[in-house]
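The values are calculated or read from the model by the stated rules, or taken from the named source; none is laboratory data. Bear in mind the structure is a predicted one, so any value in this text is a computation, not a measurement. As a convention, Cβ positions derive from the backbone with ideal geometry for all residues, glycine included, and neighbour counts pool all protein chains shown. The area values use the complete protein model at the heavy-atom level, side chains included, leaving out ligands, DNA and RNA. Shrake-Rupley method; radii C 1.70, N 1.55, O 1.52, S 1.80 Å.
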Amino acid sequence: ELKVEQNPLFLSMQEGKNYTIYCNYSTTSDRLYWYRQDPGKSLESLFVLLSNGAVKQEGRLMASLDTKARLSTLHITAAVHDLSATYFCAVAPSSGTYKYIFGTGTRLKVLA
Amino acid sequence: DSGVTQTPKHLITATGQRVTLRCSPRSGDLSVYWYQQSLDQGLQFLIQYYNGEERAKGNILERFSAQQFPDLHSELNLSSLELGDSALYFCASSPSGGTSGADEQYFGPGTRLTVT
């Protein structure tokens, strides 16, 4: 059974600091997704990572994928308050199924 | 605004009842996904439809069923409701249903179900 683990679960950081959220998964996959969810809101797609070594950047967020290590990271550079949200990674097994498994989420709070 | 619409926004009902949640995908998207989000279970994939056909099943209870209609809108039916079914139910859509790896899912605003 595919398991997706994120850490940390909660992250409180000061504005201007850097930090990394980790997403580990337990089986082979060549598709990994990152989403953002604001409180009481829906999910917004941030990144789609499709191959080993893939790196994508948008503003202060950068995501990468290491399929050999079964690990994706979401790096936050010089955090600002507007980045406060819950971040989810999701994995679709490369076995051909379409069952997307979401991680537990990382609740990020950026303090001014 | 993702372009995915869900109705109703909120639903309050009693245990044992049956409800229907509705989802309209983005224009041109063929695939619809249903998810349940609750505090204790997190975000759980329930089921996926692609162009009217069931494509994948996740942790969907037997009391729950879904379908996708010829106009591509989808309905999730929840019956014999229990307190534990209280959750936020999201619908998402994507263009090709996962056959293309770059198939992003676009989420609707969700339906908050409260079972009393």
With θ set to phi - 60° and the Karplus curve 6.51 cos²θ - 1.76 cosθ + 1.60, what are the ³J(HN,Hα) couplings of the stretch B:28-33 in order, to the nearest whole Hz, using x for Gly and Pro? x, 6, 9, 10, 10, 10
Kindly compute the accessible surface that chains B and A hide from a 1.4 Å probe when together, both sides summed, and give it to the nearest 100 Å². 1600 Å²
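For the stretch A:1-38, which GluC sites (Glu not before Pro) pass both filters: DSSP loop (anything but H, G, I, E, B) and at most 14 other C-beta atoms within 10 Å? It would help to have the intermediate numbers written out before the result.
Values: sites: A:E1, A:E5, A:E15; in loops: A:E1, A:E15.
Those that pass, being in a loop and sparsely packed, are A:E1, A:E15.
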What are the extents of the Cα atoms of chain B along their three principal axes, listed from largest to smallest and rounded to whole Å? 40, 27, 27
In Å², what does the accessible area per residue of the protein assembly as shown work out to with a 1.4 Å probe? 48 Å²
Which residue fluctuates most in the GNM of chain B (Cα springs below 10 Å): B:F90, B:F69, B:F45? B:F69
Taking amide hydrogens as modeled 1.01 Å from N in the peptide plane, which residues meet the under 5 Å criterion relative to B:S86, leaving out close sequence neighbours? B:V115
What is the spin-label model distance, in nm, from A:S51 to B:H73 if the labels are put 7 Å beyond Cα along the C-beta direction? 4.1 nm
What percentage of the solvent-accessible surface of chain A, computed with a 1.4 Å probe over protein heavy atoms, is contributed by carbon and sulfur atoms? 50 percent
Magnitude of the charge dipole, chain B, Cβ model with Lys/Arg +1 and Asp/Glu -1, debye to 20: 220 debye
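Mind scanning A:K17/A:K41; A:K56/B:K9; A:K68/B:K57; A:K17/A:K99; A:K56/A:K99; A:K56/A:K109 and naming the pairs with a C-alpha gap bigger than 29 Å?
Values: A:K17/A:K41 26 Å; A:K56/B:K9 34 Å; A:K68/B:K57 27 Å; A:K17/A:K99 35 Å; A:K56/A:K99 23 Å; A:K56/A:K109 22 Å.
Table pairs above 29 Å Cα-Cα are A:K56/B:K9; A:K17/A:K99.
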Residues whose placed amide H lies under 5 Å from that of A:L46, excluding near-sequence neighbours: A:W34, A:Y35, A:R36
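Hey, what D do you get for the stretch B:1-45 in µm²/s if you plug the Kirkwood alpha-carbon radius into Stokes-Einstein at 10 °C and 1.306 mPa s?
124 µm²/s
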Report the residue, chosen from B:S24, B:S94, B:S80, that carries the largest GNM mean-square fluctuation when chain B is represented by alpha-carbon nodes joined by springs under 10 Å. B:S80
Please build a GNM for chain B, connecting alpha carbons under 10 Å apart, and tell me which residue among B:E82, B:E54, B:E62 fluctuates the most. B:E62
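Over every pair of different alpha-carbon atoms in the stretch A:9-96, take the mean of 1/r and invert it; report that Kirkwood radius in Å. List each step's numbers first, then the result.
Working: mean 1/r = 0.0742 Å⁻¹.
The Cα-based Kirkwood calculation yields 13.5 Å.
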Could you give me the ³J(HN,Hα) list for the stretch B:74-81, computed from phi with Karplus coefficients 6.51, -1.76, 1.60 and θ = phi - 60°, whole Hz, x at Gly and Pro? 10, 10, 10, 9, 10, 10, 6, 4
Shape call, the protein assembly as shown: gyration tensor on alpha carbons, a/c limit 1.5: prolate
Taking θ as phi - 60°, what are the ³J(HN,Hα) couplings along the stretch B:34-45 by the Karplus curve (6.51, -1.76, 1.60), each to the nearest whole Hz, with x for Gly and Pro? 10, 10, 10, 10, 9, 5, 7, 9, x, 9, 10, 6
